[in-house]
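Encoded as structure tokens, the structure appears first; notes follow it.
No lab work stands behind these numbers, since they all come straight from the coordinates. Keep in mind that this is a model prediction, so the values were computed, not measured. Positions of Cβ are generated from backbone atoms using ideal geometry, with glycine treated the same way; all protein chains shown enter the neighbour counts.
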Amino acid sequence: MMNLVIFGAPGCGKGTQSERLIERFGLHHISTGELLRDHIARGTELGKIADGYISKGHLIPDDLMIRVLAHELEEKQDKTANGVIFDGFPRTIPQAIALEKLLDEHNAGIHAVVGLEVDEDELVKRMIQRGLESGRADDNIDTIKERLNVYHQRTAPLRDYYKKQGKYVPIDGNGSVEDIFKTIEDALNKQS
Ligand code: ATP
Ligand code: MG
């Protein structure tokens, strides 16, 4: 069993690399961003609440987000035997503590935190492009700037948090999707 966190700034390629990692290692993918966007598209109660935060580039409050994640883990129990790749969670220290507790209840833990490190101007370029191609509502310049602010204030401290635990695996996330995937694969093989 291998539980991974894929970590990094908005637009760093978490979703893209997760798709490859689930194939390579037989993991179950939990993307909190996708989960919330699905709720928004279906117009659920959670979707209505989430939309208010996401459209401003803000984070969903920790207590709500942690409940959503716990529910998702519970519901997908039969699919997570090989491990999970957590994409977009944790985004704050309280979320990281909650995740540890949840995994601990199943005698499991986090194997590694794959940190995709990408230059800021490249991040902005990618998100603008994705906004044009996908119509994703939060991929517009004002919201992107706010998401980057929030990332630096609330999410980036998790790097040190996981470094101290010896779990942080830095990956150069600039370059081609294939090259980045190879770097991740090599780094994980070395880690285990
Ligand atoms: P990437 O492009 O690397 O996949 P992203 O930051 O562009 O990442 P998502 O991870 O899809 O996008 O998240 C979109 C939005 O959903 C966030 O900006 C935030 O508002 C909300 N969200 C997702 N995960 C969380 C979380 N763990 N805590 C709080 N809010 C979250
Ligand atoms: Mg994503």
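The table below gives the values:
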| item | result |
| --- | --- |
| Candidate aspartates and glutamates for bridging to LYS125, where Cα separation is under 16 Å - those fewer than 8 sequence places away on the same chain excluded | GLU117, GLU133, ASP138, ASP139, ASP142, GLU146 |
| Given charges at Cβ of Lys, Arg, Asp, Glu: the chain dipole, positive-most of GLN17, GLN153, LEU188 | GLN153 |
| Net dipole in debye of the chain [+1 Lys, Arg Cβ; -1 Asp, Glu Cβ; about Cα centre; nearest 20] | 200 |
| Extension gain (nm, one decimal) between ALA41 and GLU23, 0.36 nm per residue minus Cα-Cα | 3.8 nm |
| Sorted by Cβ density within 10 Å, fewest first, the residues LYS145, LYS167 | LYS145, LYS167 |
| Cα Rg, Dmax, the chain, angstrom units | 15.8, 44 |
| Global geometry of region 87-135, whether rounded, prolate or oblate, following the gyration tensor of its Cα atoms and the 1.5 cut on a/c | prolate |
